[in-house]
Amino acid sequence: MANIAQAMRDETATPIQRGLKEALYAGAISFGLFFLFIGLRTDQNISNELILVPRWGLLAIVVGLVMIVRFVYVAYGQPFMARQKIVNVASGLLPDSVGTRFFRLPYFIAALAIAAALMIFAGSLDGIFGAGLAGYMRFFRALAIIYALASVLFYFRAFIHAHFSALGIGVLVIYPIFVVVALTLINGSVASGFQGSLKWVDNFGIQILIYVMLAWGLNIVVGLAGLLDLGYVAFYAVGAYAYALLATHLGWSFWILLPVAGFMAAFWGVMLGFPVLRLRGDYLAIVTLAFGEIIRLVLINWREVTNGAAGISGIPKVSFFGLMSFNVSDPNYIAKVLGIAQSGAYYKIFLYYLILALALLTAFVTIRLRRMPVGRAWEALREDEIACRSLGINTTTTKLTAFATGAMFGGFAGSFFAARQGFVSPESFVFLESAIILAIVVLGGMGSLVGIAVAAAVMIGGTEILREMEFLKVVFGPDFTPELYRMLLFGVAMVIVMLWKPRGFVGSREPTAFLHERKAISSSFTKEGHG
Amino acid sequence: MQYFVQQMVNGLTLGSIYGLIAIGYTMVYGIIGMINFAHGDIFMLGAFIALIVFLILSSIFVSVHVVLFLLVMMVVAMVMTSLYNWTIEKVAYRPLRGSFRLAPLITAIGMSIALSNFVQVTQGPRNKPIPPMVSTVYNVNGISISLKQIIIVVVTVALLALFWYLVNKTSLGRAQRACEQDRKMAALLGIDVDRTISITFVMGAALAAVAGTLFLMYYGVVAFSDGFVPGVKAFTAAVLGGIGSLPGAMLGGLMIGFIESMWSAYFSIDYKDVAAFSILAIVLIFLPSGILGRPEVEKV
């Protein structure tokens, strides 16, 4: 009876009342959670003893924020979402979607005007508004530009959706050129254009593309063959160390060692594959995790070869197919051969195209393999292992090829990573990396190459961009360092995206093999990751 | 011989801590079939809460008996850590319960990253040392046994007895075992499945908090990143013993503890983790569902 009375009360309560109630609950819980961690801070005093520093103000702010967010969500967010699903009686149509309401033409023009105006007066902002207010103005300008860009994307969404792959590759190909040209125009000189492009090409372009490639490689194991692999970073490490050791000791070039590194990683993939053939699901997951940790621990402890935790430095750079080099001291240094000014940016741009080519190779091989017997066997294995065996598919070779192929691309990415950094150490191959790569595969929608690329761009680019958010210092004070919150936000974003789209960004998949006609199946009807 | 027995004692201590954490993994796995990756960080939170409580207590009371100290630390850590795990389950795992298998795994990994970084951001990245709480060492026939080790083993045994009683003799334990066997049928028979799962998470967190408190007392130091390694070891222990089996978790924990202390005593301390992981792989090759795990019956 009590339950029914409770339910009736919930029914009759207005959203505001419910919001207030929920906000009180949320406040009480968050007070309990944060009381010790935000309210008190452990700190060392002069004699190196731990003392507690109270921060009740901060605690009050955080708890207050949680309450407000919860209240707004329950009192306004939920009823709004419910209304969006109700058809208007008079017109028989659903209400306008949030997108169409948010991106209106007048708003778009206004945003453009504001951005342009603030751009023109950029130099004199400090003079007019004073330093503090000018910071907010720049923040406002950034928002206006983001809004305008988002509106453009929104208006052309059908077109973008239809030609996503072609557009995506096109954008990726012209990205470094665009950055250099844009920065040249802004800064007024070609040299500073190249110099300024370093950050954008290296931190964003190359960084994201490495993760795209790794996630596409892992996708073969997890997304296609359905084998849950928590130690993928081991193959990345094998590739990186293969290149680092062979290049520093034997002096072989990158172009010879790239296939060698891929081959060695594939070999280790098979080595891992053999013992785990009989394991399923979570047993498989823990053994792959253990394998990743074993490789990392061996790299740390086998000091004679790997130089332990200090890592290997002085790894040679990639050459331009042996024709030109990127070392300033070499006689065939690219700037000397072509007769242009010296810059470190050429190497980064070259590396960008190299990793782009490697990533596209991974995608191409994946797409082609899916149409071949082995790819179809992988997908069959993912959907149902018993049926697979009943049909005469050799599950041993199927699993081993999946591990080997996935590992090979990990090895390619690893040797590229070593060449790009010029330095490798076991620090780069911790479990967190495996977890991030797996998260990208799952968030993208397992098996979907486009979804995975989008997930990598959002997750890696999103956390990288935090480093650029200087304007946040205006809001939170000069001591505020956004980088500190990078991994915290990454973890929270993983949870939120998963709750919002449990199937990943691209949640439906089209069968590779079909009878009569191709029908997209919602992936909620398929099972995956059973290993 | 003395050396061997000494290592046994050390292994038993370590194994007790791993076993306490492993039970949380195995219970959650048994009831909802999910690897709770954040459990290692729940353990770290428990240790951190114990640390903060210790600091509060030692700034208020100057001379109180150390057992009382430990008891208060343990109880507060259990309550607060349970609150964390309860909230996490409600926010991050429950909405995905009907979803496909990897979705809760990914939110668990996300939660693990978020929790350890939350502690890093709020409490700072440094190691947090405390002055030694218990320093008595007994010498029995040339084997030194510290009071800390005795406390750890006694607390573990007492908790296991309590736990065994809860799972085997109470209606709550019956509900848990029913949910483990068939969640839908249990719901049809009037068991509140959501509540039972919540309680399972709370119980797992409470045990992890005790393990965290004992860890803090034993090593005297904790840092935000301390959740990962014991978490992975405990998970390894749970799998080794057969995931889903409670005695298996304790057995696996003790095995991992023994392997580690024996390996570092007789071979090399550098490769102790490699040894633990390799033995896991070897055992699983011959017993694919762990030592005490029930073999999975494949149904078509």
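The values are calculated or read from the model by the stated rules, or taken from the named source; none is laboratory data. The structure displayed is predicted, hence computed values, not measured ones. Quick reminder, even Gly has a Cβ in these numbers, built from the backbone with ideal geometry, and neighbours come from all protein chains shown.
Applying the set (1) touching a helix residue (DSSP H, G or I) at 6+ places or on another chain (Cβ under 8 Å); (2) touching a residue at least 40 places away in the same chain (Cβ under 8 Å); (3) of a type outside the set (Lys, Arg) to B:Leu83 leaves exactly one unmet item: (2). Every listed requirement among (1) under 30 Å from B:Gly290 (Cβ atoms); (2) part of a helix (DSSP H, G or I); (3) not acidic (Asp, Glu) is met by A:Trp255 save one, (1).
Looking only at residues in region B:261-271 that are surrounded by fewer than 18 Cβ atoms within 10 Å (Cβ to Cβ), touching a helix residue (DSSP H, G or I) at 6+ places or on another chain (Cβ under 6 Å) and part of a helix (DSSP H, G or I), which one is modelled with the highest pLDDT? Filtering first and then ranking leaves B:Met262. On the given criteria, is B:Phe258 over 16 Å from the mean Cα position of the chain (by Cα), more than 10 Å from every other protein chain (Cβ to nearest Cβ), in a helix (DSSP H, G or I) and under 29 Å from B:Asn85 (Cβ atoms)? For B:Phe258, the condition - over 16 Å from the mean Cα position of the chain (by Cα), more than 10 Å from every other protein chain (Cβ to nearest Cβ), in a helix (DSSP H, G or I) and under 29 Å from B:Asn85 (Cβ atoms) - is met.
Taking the listed residues B:Val28, B:Val72, B:Val53, B:Val76, the one that is free of Cβ contacts under 8 Å to residues at least 40 places away in the same chain, within 22 Å of B:Leu166 (Cβ to Cβ), in contact with a helix residue (DSSP H, G or I) (Cβ under 7 Å, 6 or more places away or on another chain) and within 14 Å of chain A (Cβ to nearest Cβ) is B:Val76, with no other qualifying. Please list, ordered by residue number, the helices (runs of 4 or more DSSP H) wholly in region B:84-190 having 1 or more residues that are within 14 Å of chain A (Cβ to nearest Cβ). Per the criteria, B:102-123.
Close Cβ contacts (under 9 Å, 6 or more residues apart or on different chains) running from residues in region B:169-181 that are over 11 Å from B:Ile31 (Cα atoms) to residues that are β-branched (Val, Ile, Thr) and part of a helix (DSSP H, G or I) comprise B:Leu172/B:Thr196; B:Leu172/B:Ile199; B:Gly173/B:Val167; B:Arg174/B:Val167. If you check B:Leu287, B:Leu292, B:Leu240, B:Leu280 for being over 17 Å from the mean Cα position of the chain (by Cα), on the phi < 0 side of the Ramachandran plot and buried (at least 23 other Cβ atoms within 10 Å of the Cβ), only one passes: B:Leu280. The set of residues in region A:327-348 being under 30 Å from A:Glu427 (Cα atoms) and in contact with a strand residue (DSSP E or B) (Cβ under 7 Å, 6 or more places away or on another chain) consists of A:Asn327 alone. Of all residue pairs spaced 6 or more apart or on separate chains, those with beta-carbon atoms under 9 Å, a first member in region B:183-196 that is under 16 Å from B:Trp86 (Cα atoms) and at pLDDT 90 or above and a second member that is assigned to a helix (DSSP H, G or I) and of a type in the set (S, T, N, Q) are B:Thr196/B:Gln176. Cβ-Cβ contacts under 8 Å between residues 6 or more apart (or on different chains), taken from a first residue in region B:263-289 that is more than 9 Å from chain A (Cβ to nearest Cβ) and farther than 17 Å from B:Gln7 by Cβ to a second residue that is hydrophobic (A, V, I, L, M, F, W, C) and crowded, with 16+ Cβ neighbours inside 10 Å, are listed as B:Val283/B:Leu240; B:Val283/B:Ile291. Taking A:Trp268, is it under 19 Å from A:Leu227 (Cβ atoms), in contact (Cβ under 8 Å) with a residue 12 or more places away in the chain and part of a helix (DSSP H, G or I)? For A:Trp268, the condition - under 19 Å from A:Leu227 (Cβ atoms), in contact (Cβ under 8 Å) with a residue 12 or more places away in the chain and part of a helix (DSSP H, G or I) - is met. The set of residues in region A:23-48 being modelled with pLDDT under 90 and either exposed (fewer than 13 other Cβ atoms within 10 Å of the Cβ) or more than 10 Å from chain B (Cβ to nearest Cβ) (or both) consists of A:Asn45, A:Ile46, A:Ser47, A:Asn48.
For (1) under 24 Å from A:Leu246 (Cβ atoms); (2) without any contact (Cβ under 8 Å) to a residue 40 or more places away in the chain; (3) aromatic (Phe, Trp, Tyr), each residue gets a yes or a no:
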{"site": "A:Phe291", "(1), (2), (3)": "yes, no, yes"}
{"site": "A:Glu304", "(1), (2), (3)": "yes, yes, no"}
{"site": "A:Ala309", "(1), (2), (3)": "yes, no, no"}
{"site": "A:Gly344", "(1), (2), (3)": "no, no, no"}
{"site": "A:Ala357", "(1), (2), (3)": "yes, yes, no"}
{"site": "A:Val374", "(1), (2), (3)": "no, yes, no"}
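There is at least one residue in region A:410-420 that is under 25 Å from B:Arg101 (Cα atoms), surrounded by 24 or more Cβ atoms within 10 Å (Cβ to Cβ) and in the same structural domain as A:Ile206 (by TED's automatic domain parsing).
Close Cβ contacts (under 9 Å, 6 or more residues apart or on different chains) running from residues in region A:437-463 that are in a helix (DSSP H, G or I) to residues that are buried (at least 24 other Cβ atoms within 10 Å of the Cβ) and among the acidic types (Asp, Glu) comprise A:Leu438/A:Asp229. If I filter region A:505-527 for residues that are at pLDDT 80 or above, in a loop (DSSP other than H, G, I, E, B), touching a Pro at 6+ places or on another chain (Cβ under 9 Å) and not acidic (Asp, Glu), do I get at least one hit? No: zero hits. Which one is farthest from B:Met133 (Cα to Cα) among residues in region B:56-65 that are outside any loop (DSSP other than H, G, I, E, B) and more than 10 Å from chain A (Cβ to nearest Cβ)? Filtering first and then ranking leaves B:Ile60.
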